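The values are calculated or read from the model by the stated rules, or taken from the named source; none is laboratory data. Small disclaimer: the values here were computed from a predicted structure and weren't measured. Backbone-built Cβ (ideal geometry, glycine too); neighbour counts: all protein chains shown.
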């Protein structure tokens, strides 16, 4: 599976027609913060909802203590239900995946890295797409909490995926 991790600016500079084509040809996971200027998706009005795009809201923290240092309200931490929803949405490697957050470095990096591991290293042994992931995303510094939860949920799902592939 081809996987690209990008910041919101990557989408904001694209014209509406280009975004429509991207939406049609890719699965897009868009991650927003629970507060601040980046709490809305980087897409122009009228493009959402779209069947190939899902938006999720959680903050770039690894603990409530870390998140509360600079805020009055509690942050939204990444939880298992976020991972399950994202995994359910992506489901297979039939379309390339674009994962976006504010800068395309931490939260989206963790989601992208987990799917690269799942689809390109673990299940399908796809070295070309794994190499594409590494070369296309040199900026990655995955959020440890997001990566841990994603990998845990993907690991829990492996037996059902393997049994489905084995029965074909």
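Scanning segment 133-145 for residues that are assigned to a helix (DSSP H, G or I) and either over 19 Å from residue 98 (Cβ atoms) or touching a strand residue (DSSP E or B) at 6+ places or on another chain (Cβ under 9 Å) (or both) yields a count of 4. For segment 114-132, the tally of residues that are assigned to a helix (DSSP H, G or I) and free of Cβ contacts under 8 Å to residues at least 40 places away in the same chain stands at 8. When restricted to residues that are at pLDDT below 95, crowded, with 20+ Cβ neighbours inside 10 Å and under 22 Å from residue 55 (Cα atoms), segment 91-136 contains 2.
Residue 16 falls short on exactly one of the conditions (1) farther than 21 Å from residue 151 by Cα; (2) surrounded by 13 or more Cβ atoms within 10 Å (Cβ to Cβ), and that condition is (2). Checking each residue in segment 34-51 for being surrounded by 16 or more Cβ atoms within 10 Å (Cβ to Cβ) and in contact with a helix residue (DSSP H, G or I) (Cβ under 9 Å, 6 or more places away or on another chain) picks out 38, 41, 42, 43. Applying the set (1) more than 22 Å from residue 24 (Cβ to Cβ); (2) touching a helix residue (DSSP H, G or I) at 6+ places or on another chain (Cβ under 7 Å) to residue 148 leaves exactly one unmet item: (2).
Note on segment 1-95: enclosed strands (runs of 3 or more DSSP E) holding 1 or more residues that are touching a residue at least 12 places away in the same chain (Cβ under 8 Å), in contact with a strand residue (DSSP E or B) (Cβ under 9 Å, 6 or more places away or on another chain) and within 23 Å of residue 138 (Cα to Cα) are 3-7, 27-32.
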